[in-house]
Amino acid sequence: VAFHWIARYTHWLHTRWPAGTVERLPLVDEYGACSVPGVTVVGDLTGVPLLKFALQTGAAAAARIAGDPDFQKARTTPQQGVRDLIIVGGGVAGIAAAVEARRRSLDCLVIEANQPFSTVANFPARKPIYVYPADMRPDGRLQVTADVKEALLDELQRQRRDAGIEPLNARVTAIHRESDALRVDLAGGEPLRARRVIVAIGRSGEFRKLNVPGEELPKVYNRLHDPREGKRKNVLVVGGGDSALEAAIALAEAGAKVTLSYRKPEFSRAKSENVERLKALAVSASDSGSLALELQSRVVRIERETVVLRTADGAEKRIPNEMVYPMIGREAPLDFFRRNGIAVAGEWRPATIASLALFLLFCVWLYHWKSDYSIPLGLKDTFNRFLGLDPSAFWNGVRSAGGAVGTYFNNPATLGGTIAISASGRSFYYTLAYCLCVLIFGIRRIRRRKTPYVTRQTVTLTLIQWIPLFLLPEILLPWMGHNGLFDSGFGGWIADQFFPAVDYGHGREYWRAYGFILAWPLMVWNWFTDQPLWGWLILGFIQTCVLIPLMIRRWGKGAYCGWICSCGALAETMGDTHRHKMPHGPVWNRLNMIGQVFLLWALVILLIRVLGWIFPNTLFPAAVRALLNGIPILNYGYVVDLIFGGILGVGLYFHFSGRVWCRFACPLAALMHIYARFTRFRIFADKKKCISCNVCTSVCHQGIDVMNFANKGEPMQDPQCVRCSACVQSCPTGVLTFGRYDAAGNPRYDPLPASRVQSTEQKTH
Ligand SMILES: Cc1cc2nc3c(=O)[nH]c(=O)nc-3n(C[C@H](O)[C@H](O)[C@H](O)COP(=O)(O)OP(=O)(O)OC[C@H]3O[C@@H](n4cnc5c(N)ncnc54)[C@H](O)[C@@H]3O)c2cc1C
Ligand code: SF4
Ligand code: SF4
């Protein structure tokens, strides 16, 4: 029974949301640079399968190479047989790169395995072309305007010829880094050399297979050349993406009797125009051509004159058939990249594992070194012996140095004297380094993302990190205390409620001021004190049970996680370029429940703590101490704060993204997930513009499958969202918008622009 209720709760909170995974592509940075120096990847393989993005990435890569000072320097010493640039692939991106390279006077060669623009040449005859985003003008001279395949191919070929680009017809098998150049191996030809290589081979990998008997029959085709070939024939098209829908429509319009088989109950990946045309055709069958939809069906086998489908009701259905078009996509040509030592996103190599192990070890040292918890197994002593780096010894030396310097630092009422006491503790340096990381990587994030939303969010996070989460507890409050502001009167009374007196350090526990920002149960230490600290209990109750729920109701959980919290500050700045490393999928979504376990643990301790205050002469007070920090290893402080919050939270940053702690383990986030089930915040989607490219899902470092909301036009409401804006900002067609439902249930969009595409569109109109 308990298991049943846990499963229902898990479903209500986390597993009910879409949980698609992310397609593997070569690991590239925002400029297409990959793990092999000198090689740039462009076009479809950078993530967005659209003509305009292929043009943009191709031209931009050539321009970047031409402007690279190292490249310019290398060109000054000409080498026999070494070109400036080799472009592998003469598709849209490759030719765009070549046109730009030629314009910049680079000595460049395009190598194409088939024919120039072979992907476009293989589009079905008279296929309509959608040139999204309408307002985007790609960099470079090669441009597209046509709205049908034949005209598109004509205009591309004309521009190529005008630019004097004639590709070498050969297949590239490998790229090797040599001491002074890159060597490009050709199938059955002499290798060629260049200073730089652009890889523009598109998604021209293997067609995905149905893996059913009969797939090898000659009537099975992966490409539709001319729909008229299907006239008056019984044709089966398999798939639910744009290629499948466009093929089915074209065949039916050309007079074929089409059956479209798709395994899902609705077409969520295809463009809405295609879905509408398909549905219109499905109800208007004529004698010549017709279209029947078999949703939630699978192909069981293909026979010479029939095919057998398993339909939605589980029964087998045999239908007459003369042609089959399995159009279920292609695998990206990942083997090409693996063979050439180019890292593929999400794939682990020995060096990746080694770097993770080393960084985790560093974090084990760092968090044991700076922590004041009782550390089990004598680890603290061990770490103190090796790399103890005790700053108090240094500051004791400064204070006892005598003279003006010694006197200044020995007087806690001076700023230097206050800092000398704070800086004698190790956590001071950790917090300072943390603040510096937020500042430095924050500036880089603002420069990289260039949206008003990101700028304002990053500035807010940085200010909160520096002022209430560093300067206030470490310097300002202690300095005020040493100058007598908390000795008596109202100041003294307030200080007694928040910072109890102690006989070490600054004489009061000013570190508790972190609780002004870090609410319970993210920071539990202000609530679980031996005697109740009423200041914190009242303030903490208002934070956790009033302010945060109200904020979440209006702006979602991200109002705290994305705009206030220090864990969020580091994740959004230092973690900005690691977002895509967060794993996606149903199994990972179940792990979201770890935070619920920690939340329950904190609630149990809270209950015992309250009982301990009411009944002080019982076992409750000792039980709280044991649970918090007493039981070796399995105490709350060590497991939740040190291992999950510190070692794993930061240690997994560069391999699993910066939000591992926030997504899976943070007990405050776990509480906020419950609040967030009642939020009015949504990410609204303009379904018509969605091209199902999956970019939004791939950049979500909370593991949310944003695309599966967007391409159905459903507002995103997964409680994990931290409002980082990466999905909104990265969406190539400007589909997504932050907003909320008002009291009357109408969408209200956020006024702060977070999508560059939308901002450009508004300026152009
Ligand atoms: C059926 C279909 C319909 C589409 N409809 C649209 C649309 O309406 N609107 C839109 O914007 N986009 C559309 N697209 C997407 C668009 O075609 C791609 O975004 C664009 O072609 C990508 O350009 P690319 O240069 O990256 O790759 P490609 O155009 O695929 O070019 C890659 C080239 O590399 C060559 N090559 C591969 N391996 C090697 C090798 N080892 N050595 C040498 N050469 C090699 C290939 O022969 C190919 O010519 C469609 C795509 C398909 C498949
Ligand atoms: S804003 Fe988008 S990318 Fe960021 S957490 Fe929310 S859904 Fe994910
Ligand atoms: S909403 Fe997502 S899937 Fe749709 S176009 Fe934008 S990034 Fe691609």
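The values are calculated or read from the model by the stated rules, or taken from the named source; none is laboratory data. If you're wondering where the values come from, they're calculated on a predicted model, not measured in any experiment. Because the Cβ atoms are built from the backbone with ideal geometry, glycine has one as well, and the counts that use them run over all protein chains shown. Side chains included, ligands, DNA and RNA excluded: accessible areas come from the protein's heavy atoms. Shrake-Rupley method; radii C 1.70, N 1.55, O 1.52, S 1.80 Å.
Selection of first residues in the range 673-687 that are in contact (Cβ under 8 Å) with a residue 60 or more places away in the chain and under 26 Å from Thr733 (Cβ atoms) and of second residues that are open to solvent by 70 Å² or more (accessible area, probe 1.4 Å) and of a type outside the set (Lys, Arg), restricted to Cβ pairs under 6 Å at least 6 apart or on distinct chains, gives the following pairs, ordered by first then second residue: Phe681/Trp555. In the range 725-737, the residue that is farthest from ligand 1 (Cβ to nearest atom) out of those that are open to solvent by 10 Å² or more (accessible area, probe 1.4 Å) and more than 19 Å from Gln56 (Cβ to Cβ) is Thr737. Mind checking which residues of the range 480-528 are of a type in the set (Asp, Glu) and surrounded by 14 or more Cβ atoms within 10 Å (Cβ to Cβ)? Answer for the range 480-528, where residues must be of a type in the set (Asp, Glu) and surrounded by 14 or more Cβ atoms within 10 Å (Cβ to Cβ): Asp496, Glu509. Among the residues of the range 694-710, the ones that are more than 16 Å from ligand 1 (Cβ to nearest atom), assigned to a loop (DSSP other than H, G, I, E, B) and not small (Gly, Ala, Ser) come to 5 in all. When the range 506-525 is filtered for residues that are under 28 Å from Trp661 (Cβ atoms) and not aromatic (Phe, Trp, Tyr), the ones remaining, listed by number, are Glu509, Arg512, Ala513, Gly515, Ile517, Leu518, Ala519, Pro521, Leu522, Met523, Val524. Looking across the range 680-702, the residues that are open to solvent by less than 10 Å² (accessible area, probe 1.4 Å) and near ligand 2 (Cβ under 8 Å from one of its atoms) come down to Ile683, His701, Gln702. Checking the stated criteria, Val706 turns out not to satisfy the condition of being touching a residue at least 12 places away in the same chain (Cβ under 8 Å) and either surrounded by fewer than 24 Cβ atoms within 10 Å (Cβ to Cβ) or more than 10 Å from ligand 2 (Cβ to nearest atom) (or both). Pairs linking a residue in the range 716-738 that is under 19 Å from Thr455 (Cβ atoms) to a residue that is open to solvent by 10 Å² or more (accessible area, probe 1.4 Å) and within 16 Å of ligand 1 (Cβ to nearest atom), with Cβ atoms under 6 Å and 6 or more positions apart or on different chains, are Ser730/Val695; Gly734/Val757. The set of residues from the range 701-715 being within 13 Å of ligand 3 (Cβ to nearest atom) and touching an Asp or Glu at 6+ places or on another chain (Cβ under 9 Å) comprises Ile704, Asp705, Val706, Asn708, Phe709, Ala710, Lys712, Gly713.
Checked against (1) within 13 Å of ligand 1 (Cβ to nearest atom); (2) touching a Ser or Thr at 6+ places or on another chain (Cβ under 7 Å); (3) at pLDDT below 95, Asp135 passes all but condition (1).
Annotation note: Cβ proximity below 7 Å between a residue of the range 91-116 that is polar (S, T, N, Q) and a residue that is away from ligand 2 (no atom under 16 Å from the Cβ) (sequence gap 6+ or interchain) occurs for Gln115/Ala121. Among the residues of the range 213-266 satisfying the criterion of being basic (Lys, Arg) and either within 13 Å of ligand 1 (Cβ to nearest atom) or part of a loop (DSSP other than H, G, I, E, B) (or both), which is least open to solvent (accessible area, probe 1.4 Å)? The extreme case among them is Lys219.
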